[in-house]
Amino acid sequence: MLSYEQARQVILENIAPAGVEQVDLVDAVGRVLVEDVVAPWDMPLWDNSAMDGYAVRRADCSRVPCKLKVTGYIPAGATAEGIEVKAGCAVKIMTGAPVPAGTDAVVPFEETEETSGEQVVIQAQVAACQHIRSRGEDVQSGQSVISAGTVVRPPEVSMLASLGRSRVTVFLRPVVAILSTGDELIEVGRTPGAGEIINSNTLALAAAVREAGGIPRVVGIARDNLESHREKLREGLKADMLVTSAGVSAGDRDLVRVVLEELGVKQLFWKVGIKPGKPTAFGIRDGKPVFSLPGNPVSSLITFEEFVRPALLRMMGQRQVLRPTFRATLRDDIKNRESDRTTLLRIRLERDGNRFFATTSGKQQTGLLKTMVNSAAIAVIPPERGFMAAGEEVDVHFFGSYIDLI
Ligand code: AMP
Ligand code: MG
């Protein structure tokens, strides 16, 4: 049986980006850039004013207050062509407008007084080059501004747009086939009768795929017979990745592994030393990853979180594929009965100043979904630790959207 760390390593070693595509700039948000972005021009493209005010020659203002003749006006969007600040003169200028020849400082309106519209009085000291943004101050033509592998955020969108890019090449969002197995499953929408279980895994896993940035494709339910498994698994293998739930433990109807092998999927492991989630299998067919997760709703979500999500992010070209990890202090004693396995504890995460605290979010039996709903993180209890006392520190993987502040 592979350890938790070994299983993750085997998975990540076998995953490569799924391909690339060109998208519009706004659709690139959250995606990973394939190429370096090189500036085709300087930014700003010309020396321009950082303030609404007057373009002046500093030498004319060595003693203030001083009076200058206003000889022109350059609003935003106008050019400074043919305009010059001559000795003893000033040109009215708006923020972002190109500064005219002769300018070596801009004096903001707040530091001036306009006398008649013809003349302006400069009241404050003028420093060299003040309030002038010089050409290329931000970015120089030919400079590499964003490197390949960067996740596009709104600031990157702003930079790309400023450099004239309306479309960019990013890694593909993989299509992930999601397949449930079991004769007991019914689709959501009606009240289950005796022996029936609502197929919540398909929806939960589809949501998890979408949240990670992939495109879920629901294949449906494979019933507990070979024909149904063959049909649905064959269908699922058409996607970029296949994720199944249930039918992978030792039950006599657990057919997923058997049929996957029949369909040419090479199984790299089928058990991991974690609790919950031991019956998790991972295989590859022609470079395509296939995850067989346990059926238990809690186990399938935790194994998705710990194994499938990093793989999916790597397929999307992400370099950072693991959740942020904190060290947190346990608030409760933890008894780890399965000391050959890593325990993945469902917890709430609290922050007090610079310290994080882990509180179990409820009873940890794998059948209890509410504990999963109430958790924001997973605490990793190493296998060799049969007992951990309140006050000890553990690693926690944060997947929630907020941390309780106390
Ligand atoms: P199995 O691995 O097939 O023995 O399933 C383990 C447990 O998970 C059983 O209690 C199943 O009823 C439950 N289960 C399996 N598949 C799903 C599903 N798609 N949605 C919700 N629960 C499921
Ligand atoms: Mg089953």
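Residues Cys61, Cys129 ordered from highest to lowest accessible area at a 1.4 Å probe: Cys129, Cys61.
Helix-derived [θ] at 222 nm for the chain: sum -39500 (n - 2.57) over DSSP H runs of at least 4, divide by residue count, nearest 500? All intermediate terms of the calculation are to be shown ahead of the outcome.
Values: 8 runs with 69 residues, N = 406.
Helix-only estimate at 222 nm: -4500 deg cm²/dmol.
The angle between the Cα long axis of helix 4-13 and the main principal axis of the chain comes to about 60°, on a 0 to 90 degree scale. Residues Phe109, Phe399, sorted by accessible area with the largest first, give Phe109, Phe399 [1.4 Å probe; ligands and nucleic acids excluded].
Based on Cβ point charges of +1 for Lys and Arg and -1 for Asp and Glu, what charge dipole magnitude is obtained for the stretch 48-133 about its Cα centre, in debye rounded to the nearest 20? Mind showing how you got there, number by number?
Values: 8 positive and 10 negative charges, 48 e Å.
Once rounded to the nearest 20, the dipole reads 220 debye.
Here's the thing: no lysines lie within a cross-link span of Lys278, going by alpha-carbon distance under 17 Å and ignoring same-chain residues fewer than 8 apart.
Here's the list of lysines a cross-link from Lys92 could span, going by alpha-carbon distance under 23 Å and ignoring same-chain residues fewer than 8 apart: Lys67, Lys69.
Once the whole set of protein chains is in place, how much accessible area is left on Thr343, using a 1.4 Å probe, in Å² to the nearest 10? It works out to around 20 Å². For the stretch 313-321, the Karplus equation 6.51 cos²θ - 1.76 cosθ + 1.60, evaluated at θ = phi - 60°, returns couplings of 5, 5, 4, 8, x, 6, 8, 8, 9 Hz by residue, with Gly and Pro reported as x.
Only Cα pairs under 8 Å and 6+ residues apart enter the sum, and on that basis the relative contact order of the chain stands at 16 percent. Against the chain, whose longest principal axis is taken from its Cα atoms, helix 200-212 shows a tilt of about 30°. Apolar share of the accessible surface for the chain: 50 percent from carbon plus sulfur atoms, 1.4 Å probe.
So for Leu160, Leu45, what's the accessible-area order with a 1.4 Å probe, most first?
On the way: Leu160 0, Leu45 75 Å².
The ranking, largest first, comes out as Leu45, Leu160.
Pairs of Cα atoms nearer than 8 Å and 6+ residues apart set the relative contact order; for the stretch 1-115 it is 29 percent.
Work through the residues other than Met43 whose Cβ is under 9 Å from its Cβ and net out their charges, Lys, Arg +1 and Asp, Glu -1.
Here the charged neighbours net out to -2.
The alpha-carbon atoms of the stretch 48-133 define a convex hull whose volume equals 71 cubic angstrom per residue.
So which GluC sites (Glu not before Pro) in the stretch 1-107 end up in coil per DSSP with only 12 or fewer other C-beta atoms within 10 Å? Mind showing how you got there, number by number?
On the way: sites: Glu5, Glu13, Glu21, Glu35, Glu81, Glu84; in loops: Glu35, Glu81.
Sparse-neighbourhood loop GluC sites (Glu not before Pro): Glu81.
Projecting label points 7 angstrom from Cα along Cα→Cβ for Arg58 and Arg285 puts them 7.2 nm apart. Over the stretch 326-405, what relative contact order in percent results from Cα pairs under 8 Å that are six or more residues apart? Normalised by residue count, the contact order of the stretch 326-405 is 43 percent.
Solvent-accessible area per residue for the chain at a 1.4 Å probe radius, Å²? List each step's numbers first, then the result.
Values: 19610 Å² over 406 residues.
In whole numbers, the chain has 48 Å² accessible per residue.
Loop-resident trypsin sites (Lys or Arg not before Pro) (DSSP state other than H, G, I, E or B) in the stretch 261-345 with no more than 10 further Cβ atoms inside 10 Å of their Cβ: Arg319, Arg337.
The values are calculated or read from the model by the stated rules, or taken from the named source; none is laboratory data. Because the structure is a prediction, the values reported are computed rather than measured. FYI the Cβ positions are ideal-geometry reconstructions off the backbone, even for glycines, and counts take in every protein chain you see. These accessible areas exclude ligands, DNA and RNA; they are computed on the full protein's heavy atoms, side chains included. Shrake-Rupley method; radii C 1.70, N 1.55, O 1.52, S 1.80 Å.
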